[in-house]
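Step one of this worksheet: look at the structure below.
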Amino acid sequence: MKINSLKNADLTGKKVFVRADFNVPIENGVIQDDTRISATLPTINYLLEKNAKIILASHLGRPDGKKNEQDSLAPIAEYLEKKLLKTVTFLPDCIGDEIVKTISSAEEGTIFLLENTRFHTEEESNDPEFAKKLANLADIFVIDSFGTAHRKHASTYGIAEYLPAYAGLLMTREIDELSRIMTEPEHPFVLVLGGAKTETKIPLIKNLLKDADYILLGGGLANTFNAAKGYDMAKSLYEEDKIELAREIMLQAEMVNTQILTSEDAIVADDATDSAESIDLPINDIEGEMQALDIGIKTVHKYYNLIKDAKTIIWNGPMGLFEIEKFASGTRQIAKAIAANKSARTIIGGGDTIDAIKDAKLGFDEFTHVSTGGGAMLDFLGGNDLPGIDIIKA
Ligand code: 3PG
């Protein structure tokens with residue numbers, strides 16, 4: 001895919017509006033996970049080298065157009081100052097005459113961070129007037145928020161009606177890595193998918209079904225597929241209304257010779273807590289009040305053997321309820337197995353999966369690429385057109 005890269009833009013003396021994805025967990029003003037923020041630093045540093053005036057924008061949370069302290073981007077400005085060792089001027093809104101004046105009168109090389117774009121309802125409705133007001137702040141638009149590329153909002157899409165649009169360095173890297181894995185996957189190609197919701201993974205499974213050699217399932221997703229195979233999943237988390245869809249997908253997989261593997265055994269308990277009694281049981285033996293909360297040891301071994309010989313691996317979604325120590329082992333072992341395969345291209349994505357990597361004490365550099373996109377990565381690998389990418393296609 002050919003895109004307009006920031007590297008091809010004439011930035012001399014320009015005001016550059018950078019849409020970042022600073023939608024990160026913040027508790028009491030303290031940033032809990034800075035992955036997405038630090039991933040945007042190369043773009044900011046590049047613009048600093050070019051002496052551009054930098055106007056950073058992002059959403060945070062889902063405030064539905066209502067300004068509130070909890071969803072303010074103010075803590076991000078402080079964080080950026082520490083990382084960049086430069087003043088980052090936080091502005092109390094993202095549009096308005098005062099904001100335009102402040103930015104226009106600043107020197108080149110100044111960095112601004114605008115307040116949460118979603119404090120205006122017009123952001124999510126992609127209101128053209130609002131998009132124009134955002135565009136009035138700058139000469140050039142740079143989209144570096146891969147995590148929001150699936151959203152057709154004013155600051156991720158509409159603004160490009162009024163300004164020349166370029167891909168930031170993070171956006172470029174995401175598109176390069178994910179496109180490459182889709183167009184030239186080396187075999188064996190293994191997809192490792194988990195998490196609770198079948199729906200979000202279906203486009204990806206369908207799109208990569210004929211290219212993948214193995215699809216290894218865990219978490220609620222595996223429970224739904226196991227239920228589709230006719231197993232009694234008892235009180236486990238699974239989606240009754242997706243069973244038919246799971247059956248269809250298994251049939252399609254058979255037709256293209258792709259193996260979909262579900263957990264053969266699971267760590268089960270009748271309560272999802274650390275104090276619950278748990279046992280590793282074959283899927284066939286699950287009954288009554290039991291819940292499958294992690295993949296079992298046999299399944300881990302089977303998955304491990306396929307992961308170790310793979311040349312391409314995509315992983316999205318934990319194998320169980322890894323937030324609870326008792327049910328964390330399967331996810332941890334799969335994370336370690338993927339990291340240990342240094343001859344494969346390994347692509348990891350999704351907020352929970354990133355948390356799982358951290359839980360397993362693995363660094364991001366253990367993988368070929370850790371995507372900052374959750375829904376955006378799934379949509380991209382699902383073969384969908386993403387609005388935030390359409391605007392930068394060359
Ligand atoms: C994300 O966290 O996936 C992105 O920042 C998009 O956020 P949203 O789902 O609230 O649009």
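Would you mind computing the Rg to Rh ratio of the range 251-301 from its alpha-carbon coordinates, Kirkwood style for Rh?
For the range 251-301, the value is 1.13.
Please list the three semi-axes, largest first and in whole Å, of the ellipsoid equivalent to the range 290-394, using sqrt of 5 times the eigenvalues of its alpha carbon gyration tensor.
For the range 290-394, the ellipsoid semi-axes come out as 26, 16, 12 Å.
Can you run phi through the Karplus equation (6.51, -1.76, 1.60; θ = phi - 60°) for the range 343-354 and list ³J(HN,Hα) in whole Hz, with x for Gly and Pro?
Karplus values, whole Hz, x for Gly and Pro: 9, 9, 7, 10, 10, 10, x, x, x, 5, 5, 5.
Assuming R0 = 25 Å, can you tell me the calculated FRET efficiency for the pair Glu254 and Lys342, based on Cβ-Cβ distance, to the nearest 0.05?
The calculated FRET efficiency here is 0.20.
Quick one: length gained pulling Ile297 to Leu41 fully straight, 0.36 nm per residue minus the C-alpha distance?
88.1 nm
Per-residue counts of other Cβ atoms within 10 Å, averaged by peptide: what ranking do you get for 361-369, 132-140, 211-219, 301-309, highest first?
Per-residue mean Cβ counts within 10 Å order the peptides as 211-219, 132-140, 301-309, 361-369.
Could you order peptides 319-330, 276-287 by the average number of other Cβ atoms within 10 Å of their residues, highest first?
Answer by packing, highest mean first, reads 319-330, 276-287.
Per the helix-only calculation at 222 nm, which mean residue ellipticity applies to the chain, given -39500 (n - 2.57) for every DSSP H run of n ≥ 4 and division by its residues, nearest 500 deg cm²/dmol? Please list the in-between numbers first.
Working: 14 runs with 140 residues, N = 394.
The helix contribution divided over the chain gives -10500 deg cm²/dmol.
Across the range 25-36, in residue order, what do the Karplus-derived ³J(HN,Hα) couplings come to in whole Hz, using 6.51 cos²θ - 1.76 cosθ + 1.60 with θ = phi - 60° and x for Gly and Pro?
Each residue's phi maps through the Karplus curve to give x, 10, 10, 6, x, 9, 6, 8, 8, 9, 3, 5 Hz.
Defining a contact as two alpha carbons under 8 Å apart and six or more residues distant in sequence, what relative contact order in percent does the range 177-381 show?
Over the range 177-381, the number comes to 23 percent.
Dipole magnitude of the chain about its Cα centre, charges +1 at Lys/Arg Cβ and -1 at Asp/Glu Cβ only, in debye to the nearest 20?
About 1440 debye.
Can you tell me how much longer the chain between Lys197 and Val100 gets when fully stretched, taken as 0.36 nm per residue apart minus their C-alpha distance, in nm with one decimal?
30.6 nm
With Kirkwood's inverse mean 1/r over C-alpha pairs for Rh, give me the Rg to Rh ratio of the chain, two decimals please.
Numbers: Rg = 22.5 Å, Rh = 22.2 Å.
Reported Rg/Rh, Kirkwood definition of Rh: 1.02.
Rounded to the nearest 0.05, what FRET efficiency is calculated for Ala276 and Glu78 with R0 set to 30 Å and r the Cβ-Cβ distance?
The pair Ala276/Glu78 has a calculated efficiency of 0.15.
According to the square roots a ≥ b ≥ c of the eigenvalues of the Cα gyration tensor, what is the shape class of the range 6-170, taking rounded for a/c under 1.5, prolate for a/b larger than b/c otherwise, and oblate for the remainder?
Judged from the Cα gyration tensor, the range 6-170 comes out rounded (a/c under 1.5).
If you take every DSSP beta bridge fully contained in the range 177-381, what fraction is antiparallel? Give it as a percent rounded to 5. It would help to have the intermediate numbers written out before the result.
On the way: 8 of 26 bridges.
If I count the DSSP bridges inside the range 177-381, around 30 percent turn out antiparallel.
Please state the shape class of the range 202-334: rounded when a/c is under 1.5, otherwise prolate if a/b exceeds b/c and oblate if not, all from the C-alpha gyration tensor. Walk me through the numbers on the way to the answer.
Working: a/c = 2.09, a/b = 1.39, b/c = 1.51.
Oblate.
Could you check how many percent of all C-alpha pairs in the range 99-222 are farther apart than 22 Å?
So the pairs more than 22 Å apart make up 54 percent of the total in the range 99-222.
In the P(r) worked out for the range 43-97, what percent of Cα pairs fall beyond 13 Å?
Details: 979 of 1485 pairs.
Of all Cα-Cα pairs in the range 43-97, 66 percent lie more than 13 Å apart.
So which aspartates and glutamates can Lys242 reach, going by Cα to Cα under 12 Å and dropping same-chain residues fewer than 8 places off?
Within the straight-line limit of under 12 Å, Lys242 reaches these aspartates and glutamates: Glu199.
Could you grab the relative contact order for the chain? Cα pairs under 8 Å, six or more apart, rounded to a whole percent.
Once divided by the residue count of the chain, the mean separation gives 16 percent.
Please build a GNM for the chain, connecting alpha carbons under 10 Å apart, and tell me which residue among Leu209, Leu48, Leu221 fluctuates the most.
Leu48
Collect residues whose amide H, placed 1.01 Å from N in the peptide plane, falls under 5 Å from the amide H of Thr368; neighbours closer than 5 in sequence don't count.
Thr346
For the range 164-248, rounded, prolate or oblate, judged on the Cα gyration tensor with a ≥ b ≥ c (square roots of eigenvalues), a/c < 1.5 rounded, else prolate if a/b > b/c? Before the final figure, lay out each step's value.
Values: a/c = 2.99, a/b = 2.02, b/c = 1.48.
Note, shape of the range 164-248 comes out prolate.
Considering only DSSP beta bridges with both partners in the chain, what is the antiparallel share in %, to the nearest 5? Provide the component values of the computation, followed by the final result.
Details: 11 of 48 bridges.
Taking every DSSP beta bridge with both residues in the chain, the antiparallel ones total about 25 percent.
Which residues' amide hydrogens lie under 5 Å from the amide hydrogen of Leu113, considering only partners 5 or more residues apart or on another chain, with H built in the peptide plane?
For Leu113, the qualifying residues are Leu56, Thr89, Phe90, Leu91.
Read-outs throughout are calculated quantities, based only on the coordinates presented, and are distinct from any laboratory measurement. Quick caveat: nothing in here was measured; it's all calculated off a predicted structure. Reconstructed Cβ throughout: ideal geometry from the backbone, glycine too, with neighbour counts over all protein chains shown.
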